[in-house]
1. Which helices of the chain meet both criteria: a Cα extent of 27 Å or more along the helical axis and a mean Kyte-Doolittle score no lower than -1.0, with helices taken as whole DSSP H segments?
2. In debye, nearest 20, what is the charge dipole magnitude of the chain about its Cα centre with +1 on Lys and Arg Cβ and -1 on Asp and Glu Cβ, if you could check?
3. If neighbour count is taken as other Cβ atoms inside 10 Å, put Asp63, Asp156 in order from fewest to most.
4. Okay, helix-only estimate at 222 nm for the chain: each DSSP H run of n ≥ 4 adds -39500 (n - 2.57), divide by all residues, round to 500 deg cm²/dmol; what do you get?
5. Of Gln123, Phe225, Leu43, which is farthest along the charge dipole of the stretch 7-254 in the positive direction, counting Lys and Arg as +1 and Asp and Glu as -1 at C-beta?
6. Under the Kirkwood approximation applied to all pairs of distinct alpha-carbon atoms, what is the hydrodynamic radius of the chain in Å?
Amino acid sequence: MIDLLNINSLPGFILILVRVMSFFVTVPIFSYRNIPTHLKIGLGFFLAWTMVYATHIPSIIIDGFFIILVLKEAVIGLLLGLIAYLILAAIQIAGGFIDFQMGFAIANVVDPQTGAQSPLIGQYFYTIAILFLLTVDGHHLLINGLLYSFEIIALDQLIEFNSIDYVLQVFNQMFVIAFQLSIPIVGCLFLVDVALGIIARTVPQLNVFVVGLPLKILVSFAVLFVFVVFYIMIVKKLFQFTLEVIGNLIQIFGGV
């Protein structure tokens, strides 16, 4: 057992606290603005204090190299949380694709969680995904992934810098996932556009611009009503992929 009152364990506790707090800055659920800052700091301090007893803390001296270790811990925490956020952000990007085809691209709403503007359908999908994560205790799994990082990446160990390529691959995969999520609805709206184009050529008297917008909205909501059942299963696979990506990134950082 490591006693926190022992001054020798203080550098290790500082490094753990930096990684935990950096993780809370970018990871979904914990980084949202509607969670009080005092609660984030208190929760981060409590988790760091708990992880001191659950991980091996080597002997670390506070010197110039300790500053490098602090920066390393901040980078690890930020990247682990950012990877989880990037994959879930694919849901909002897919909603942006759908809103553009529906004609809702101009009607963005302010996300109360992040403070940024987001598309209507994307915000609807993202809310369902967050509720699903809370239902299956996904926030506990994210914290478990953070604890796993201390087993692979030692506090006195520097990370491998070849992990940037993997982060870029995940960033590209985010757009692929967003495109696959939006294909059912975007594809149906494309067929609606084709049908409206044929009607415009065969019946010139009909104003397709007046009929097209409400028709596309009606078709979109009808497809969404059917698609939402499959969307829950997609979110489940997406969250499993998120945990796999976090685990792979931790192993790359640790040189495993």
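Taken together, the values in this text are just the output of simple stated rules run on the coordinates, not laboratory data. This is a predicted model, so every value here is computed, not measured. Backbone-built Cβ (ideal geometry, glycine too); neighbour counts: all protein chains shown.
1. 64-102, 164-202, 208-254
2. 720 debye
3. Least to most surrounded, the residues fall as Asp63, Asp156.
4. Dividing the helical sum by the residues of the chain leaves -26500 deg cm²/dmol.
5. Of Gln123, Phe225, Leu43, it is Phe225.
6. Here the Kirkwood hydrodynamic radius works out to 20.6 Å.
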